[in-house]
Amino acid sequence: MTLASETMDELRKPPTDEPWQGGIRLNEEQLRARRTRSIAIALALGAFVAVIFAVTIVRLGSAALQRPIYMQPVQPAQRTK
């Protein structure tokens, strides 16, 4: 460490009566902005997932409910007497 970095660390530390936890303390306005931004990102992500799901269902169409013949359950053979 250099003398300058040690001096900067000392300047950033709070008074000795509080334990040093590091980082930046945000005020109420910044916390509110962060929360609003997080909610907007979550809504955008949810909308994106919904659009991808809808497009997938539309592209599959009615074929989504029809299984190929090799996936059909096997029918038991009829017994003849």
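The values are calculated or read from the model by the stated rules, or taken from the named source; none is laboratory data. None of the values given here were measured: they were computed from a predicted structure. For neighbour counting, all protein chains shown are included, and Cβ atoms are generated from backbone atoms with ideal geometry for every residue, glycine included.
Is it the case that region 5-24 has a residue that's at pLDDT 75 or above and not hydroxyl-bearing (Ser, Thr, Tyr)?
Checking region 5-24: at least one residue is at pLDDT 75 or above and not hydroxyl-bearing (Ser, Thr, Tyr).
Test residue 64 against the stated conditions and say whether it is at pLDDT below 95, touching a helix residue (DSSP H, G or I) at 6+ places or on another chain (Cβ under 7 Å) and assigned to a helix (DSSP H, G or I).
Considered against the rule, which asks whether it is at pLDDT below 95, touching a helix residue (DSSP H, G or I) at 6+ places or on another chain (Cβ under 7 Å) and assigned to a helix (DSSP H, G or I), residue 64 comes out as yes.
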